[in-house]
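The next block holds one structure in the form of structure tokens; read it before the comments.
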Amino acid sequence: MGLPVNTQGRGHKYEEVVAVVLTRYVEEEEEEEEEEEEEEEEEEEEEEDEDEDEDEEEEEEEEEEEEEEEEEEDEEEEEEEEEEEEEEEEEEEEEEEDEEEEEYEEEEDEEEG
């Protein structure tokens, strides 16, 4: 790249000024690139954090749903057990009543006979 050189004795300063300006320009460009990279990294970290938060929320929701389902299943099992117990009690009562009826009928038969 051929820079115009002032041949009237000031060329050296002109080249120094150009070098300083170019150096500043390069430094500013590098700073801007670094800032952009930092911003991108921050955005990526924020997105990752948001994703992690969403994942955690989903896991918590799933756990809550599972707990609710387990509770419902437990309640259903308890209800079934209670129903079975009630049925058994009813059957026992019916058997007792049947036995009492048989005894009563036997007594009547004996009295008649």
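Among the residues making up the stretch 65-113, those that are assigned to a helix (DSSP H, G or I) and either in contact with a strand residue (DSSP E or B) (Cβ under 7 Å, 6 or more places away or on another chain) or loosely packed, with under 10 Cβ neighbours inside 10 Å (or both) are Asp109, Glu110, Glu111, Glu112.
Quick one: which residue in Glu15, Glu29 is modelled with pLDDT of 95 or more, part of a helix (DSSP H, G or I) and surrounded by 10 or more Cβ atoms within 10 Å (Cβ to Cβ)?
None of the others qualify; the one that does is Glu29.
Being at pLDDT below 95 and surrounded by 10 or more Cβ atoms within 10 Å (Cβ to Cβ): is that true of Glu42 here? No: the conditions fail for Glu42.
Per-residue answers, yes or no, for (1) within 16 Å of the chain's Cα centre (by Cα); (2) assigned to a loop (DSSP other than H, G, I, E, B); (3) at pLDDT 95 or above:
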position	(1), (2), (3)
Pro4	no, yes, no
Gly9	no, yes, no
Val21	no, no, no
Glu46	no, no, yes
Glu60	yes, no, yes
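The values are calculated or read from the model by the stated rules, or taken from the named source; none is laboratory data. In this text, all values refer to a predicted model and were calculated from it rather than measured experimentally. Here Cβ is always computed from backbone atoms with ideal geometry, including for glycine, and neighbour counts include all displayed protein chains.
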